[in-house]
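Below is one structure, written out as structure tokens; comments come after it.
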Amino acid sequence: CFLYCLLFPDDEAIPVKDLIILWKLDGIIQEARHSHQANCYGEEILHVLLKHGLIHFEGDHHIRMHDVIRETVSQLGRENGYVEQPEKYFDNDIPFEYLLAKFGRRISLMNNTVKEELRASPSHECFSTSTLLLRGNRHMRTISEEFFCCVQMLRVLDLSFTRIIILPQSISSLFYLRSLLLVGCGHLEKIQHISSLEMLEILDAS
């Protein structure tokens, strides 16, 4: 649960509510069967982390990881499949499947510089990726039709505050998806191709 904090940008406070929801939907708090129970477990965990000096509370029910602690555990995070990808990887043409294959299960590209089109080759399947956080990539307008065929084990997908216009049909192959976040997607014309997502618990398009 502590390492999950590495997925949030180091210069932003982490909303406690969002963090606990992600813990639950990504299967980290497996004992929780509903949101209230997850909140109780989550609050207990946060108080343990606070007691040990690993995080500190920061107004309006947000937390932040101490900078020194973050630097110390970042390598441990990478070894356990938690990656906040540096911005420099999107200054060139390194394909997205390279990032998926190299960096594993939980990937955050929040507030990054993903190019206008998010694409990957269907021949590069990355079944281990369970979490993909693309929130705040305001240059991203389209997702290639085959992209989601590469990450069919996704549980959490956050496309909030991007400029996407449509969802590709391949999103219908994300049978294990539990959370689809489309907050602030003002250019999205309609939500489609999700009727097959039987495990979906949260759809937020506010």
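The values are calculated or read from the model by the stated rules, or taken from the named source; none is laboratory data. Remember, it's a predicted structure, so these values are computed and weren't measured experimentally. Neighbour counts run over all protein chains shown; Cβ positions are idealised from the backbone, glycine included. SASA here: full protein model, heavy atoms, side chains in, ligands and nucleic acids out. Shrake-Rupley method; radii C 1.70, N 1.55, O 1.52, S 1.80 Å.
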| remark: Protection proxy (average C-beta count within 10 Å per residue), highest first, orders 46-52, 146-152 as 146-152, 46-52
| note | Pseudo-spin-label distance CYS1 to GLU198, built 7 Å along Cα→Cβ, given in nm, is 3.1
| Additional length obtainable on full extension of the chain from LYS17 to SER206, 0.36 nm per residue less Cα span | 66.4 nm
| Share of carbon and sulfur in the accessible heavy-atom surface of the stretch 138-203 [1.4 Å probe, %] | 51
| Using 14 Å as the cut-off for backbone N distance, which residues of the stretch 160-197 belong to the label zone defined by a point 7 Å from the Cα of GLU146 along Cα→Cβ? | 170
| Projected label distance in nm at GLU44 and ARG119, using a 7 Å step from Cα toward the beta-carbon | 4.9
| field | List TYR41, TYR4, ordered by accessible area with a 1.4 Å probe, largest first | value | TYR41, TYR4
| query | Tell me, in nm to one decimal, what length is gained between TYR176 and MET153 on full extension, where the rule is 0.36 nm per residue of separation less the Cα-Cα distance? | reply | 7.7 nm
| Quick one: which of 9-16, 56-63 comes out on top by average Cβ neighbours within 10 Å, and what's the full order, highest first? | 9-16, 56-63
